[in-house]
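The following block contains the structure, expressed as structure tokens.
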Amino acid sequence: MGKTTLSTAEALAFLQGHVATVTRFDRLTEGEESQAFAFDADGAFVLRINRDRVGFDKDRFVHARFDQTLPIPEVTLIAPLGDVWACISRRADGVTLQDLPPGGAGRAAADVASVLDAMAACDTGGITGAGPFDGTGRADCDSWGAWLAQIADRDWQQMPDIAPALHIVLTQARHCPDRRGLVHGDFGSNNILVSGSLVTAVIDWSEAMIGDPLYDLANILFWRSWLTCMEEQ
């Protein structure tokens, strides 16, 4: 389906129908799935627009559940915008790890590590199941290993050489401890905001899961060959 393509005028018109006074309005650097705009209205906020609201619901759920432990921006509004969805959340100070100058991500690595530790220590009681959960805290898999094993359900016919690697994953998945930690699912680069050497926000929880927190560390290691900010960490 692809990302939405609303104009700046359409996005501003939506805000003017839901926010009393907008005093500044600018486009933001966007991710892979949502359009994003920054605006001021008695505080700093972000407007995101997506074809699906599930990720926005997860952002709101995770903030409500873990805000005392993690720097997660508050979602103040989720509303339809024609046949797509809009989400307003508070804007944190700072820039993404990927937008830092050379060396910046390395200087922030200690605080990034502390955030990973804090996520791993979160109390996830009351969130049912394992693997990706929805905006109400429900996940469909019985165990973390069962979710990992679902990779075999994909259509791999165009990649026959992957069979040995799939066999390894499926074999190891049976032996994975059934950990029930909070997993961001796409940790790093564009989803971590920092100011100086400190993390100011962890954003975009659309891929969040219940499982082994080592998954987020593996994500950093996976992307290190492509992204300087990951390599520095």
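The values are calculated or read from the model by the stated rules, or taken from the named source; none is laboratory data. Source: prediction; values computed, not measured. We place every Cβ from the backbone using ideal geometry, glycine too, and count neighbours over all the protein chains shown. Each accessible area value is taken on the protein alone, full model and side chains, heavy atoms only, with ligands, DNA and RNA left out. Shrake-Rupley method; radii C 1.70, N 1.55, O 1.52, S 1.80 Å.
Among the strands (runs of 3 or more DSSP E) lying completely within region 160-233, list those that include at least 1 residues that are in contact with a Cys (Cβ under 7 Å, 6 or more places away or on another chain). Step through it out loud before you land on a result.
Working: elements: 181-183, 192-195, 198-202, 209-211.
Fully inside region 160-233 and qualifying: 181-183.
Among (1) modelled with pLDDT of 95 or more; (2) in contact with an Asp or Glu (Cβ under 6 Å, 6 or more places away or on another chain), where does residue 224 come up short?
(1)
Step by step: first the residues of region 17-34, then only those that are touching a strand residue (DSSP E or B) at 6+ places or on another chain (Cβ under 8 Å) and either in a strand (DSSP E or B) or small (Gly, Ala, Ser) (or both), then the one that is surrounded by the most Cβ atoms within 10 Å (Cβ to Cβ). Which residue is that?
In the first step, residues of region 17-34 are kept if they are touching a strand residue (DSSP E or B) at 6+ places or on another chain (Cβ under 8 Å); the result is 18-19, 22-30, 33-34.
Going one step further and asking which of them are either in a strand (DSSP E or B) or small (Gly, Ala, Ser) (or both), we end up with 24-27, 34.
Numbers: 24: 9, 25: 16, 26: 10, 27: 11, 34: 24.
The selected residue is 34.
Of all residues in region 195-207, how many are crowded, with 16+ Cβ neighbours inside 10 Å and either out of contact with any Asp or Glu (no Cβ under 8 Å at 6 or more places or on another chain) or small (Gly, Ala, Ser) (or both)?
3
Please find, among 75, 62, the residue that is open to solvent by less than 50 Å² (accessible area, probe 1.4 Å), free of Cβ contacts under 8 Å to residues at least 40 places away in the same chain and under 30 Å from residue 183 (Cα atoms). First the steps, then the outcome.
Values: 62 fails: free of Cβ contacts under 8 Å to residues at least 40 places away in the same chain.
Being open to solvent by less than 50 Å² (accessible area, probe 1.4 Å), free of Cβ contacts under 8 Å to residues at least 40 places away in the same chain and under 30 Å from residue 183 (Cα atoms) holds for just one of 75, 62, which is 75.
Okay, moving on. Taking the criterion of being part of a helix (DSSP H, G or I) and either within 28 Å of residue 111 (Cβ to Cβ) or open to solvent by less than 60 Å² (accessible area, probe 1.4 Å) (or both), would at least one residue in region 43-52 satisfy it? It would help to see each step written out before you state the result.
Here is the first cut: in region 43-52, the residues part of a helix (DSSP H, G or I) are none.
Looking through region 43-52, none of the residues is part of a helix (DSSP H, G or I) and either within 28 Å of residue 111 (Cβ to Cβ) or open to solvent by less than 60 Å² (accessible area, probe 1.4 Å) (or both).
Within the group 37, 56, 14, 61, which residue is part of a strand (DSSP E or B) and either in contact with a strand residue (DSSP E or B) (Cβ under 9 Å, 6 or more places away or on another chain) or at pLDDT below 90 (or both)?
Details: 56 fails: part of a strand (DSSP E or B); 14 fails: part of a strand (DSSP E or B); 61 fails: part of a strand (DSSP E or B).
From the options 37, 56, 14, 61, the qualifying one is 37.
Shifting gears a bit: Would you say residue 210 is crowded, with 21+ Cβ neighbours inside 10 Å, touching a Lys or Arg at 6+ places or on another chain (Cβ under 9 Å), of a type in the set (A, V, I, L, M) and touching a residue at least 24 places away in the same chain (Cβ under 8 Å)? Explain how you work it out, then say what you get.
Details: crowded, with 21+ Cβ neighbours inside 10 Å: yes; touching a Lys or Arg at 6+ places or on another chain (Cβ under 9 Å): yes; of a type in the set (A, V, I, L, M): yes; touching a residue at least 24 places away in the same chain (Cβ under 8 Å): yes.
Against the criterion (crowded, with 21+ Cβ neighbours inside 10 Å, touching a Lys or Arg at 6+ places or on another chain (Cβ under 9 Å), of a type in the set (A, V, I, L, M) and touching a residue at least 24 places away in the same chain (Cβ under 8 Å)), residue 210 qualifies.
Consider region 20-33. How many of its residues are in contact with a Phe, Trp or Tyr (Cβ under 9 Å, 6 or more places away or on another chain) and under 23 Å from residue 205 (Cβ atoms)? Working first, answer last.
Within region 20-33, the first condition is being in contact with a Phe, Trp or Tyr (Cβ under 9 Å, 6 or more places away or on another chain), and the residues that meet it are 22-28.
Narrowing the set further to residues that are under 23 Å from residue 205 (Cβ atoms) leaves 27-28.
Of the residues in region 20-33, 2 are in contact with a Phe, Trp or Tyr (Cβ under 9 Å, 6 or more places away or on another chain) and under 23 Å from residue 205 (Cβ atoms).
Being buried (at least 19 other Cβ atoms within 10 Å of the Cβ) and free of Cβ contacts under 8 Å to residues at least 40 places away in the same chain narrows it down to one of 220, 162, 192, so name that one.
Working: 162 fails: buried (at least 19 other Cβ atoms within 10 Å of the Cβ); 192 fails: free of Cβ contacts under 8 Å to residues at least 40 places away in the same chain.
Exactly one residue qualifies, and that residue is 220.
Further, regarding this structure: Identify, from the list 52, 26, the residue that is of a type in the set (Asp, Glu) and under 16 Å from the mean Cα position of the chain (by Cα). Can you show your working first?
On the way: 26 fails: under 16 Å from the mean Cα position of the chain (by Cα).
Going through 52, 26 in turn, the sole match is 52.
Which pairs turn up if I take residues in region 6-32 that are under 19 Å from residue 95 (Cα atoms) and look for partners that are among the small types (Gly, Ala, Ser) and in a loop (DSSP other than H, G, I, E, B) with beta carbon separation below 9 Å, at least 6 apart in sequence or on another chain?
Correct list of pairs: 24/41.
Separate question: Select, from 126, 135, 145, the only residue that is touching a helix residue (DSSP H, G or I) at 6+ places or on another chain (Cβ under 9 Å), open to solvent by less than 40 Å² (accessible area, probe 1.4 Å) and either under 23 Å from residue 71 (Cβ atoms) or touching a residue at least 40 places away in the same chain (Cβ under 8 Å) (or both).
Working: 126 fails: open to solvent by less than 40 Å² (accessible area, probe 1.4 Å); 145 fails: either under 23 Å from residue 71 (Cβ atoms) or touching a residue at least 40 places away in the same chain (Cβ under 8 Å) (or both).
Only one candidate passes the filter, namely 135.
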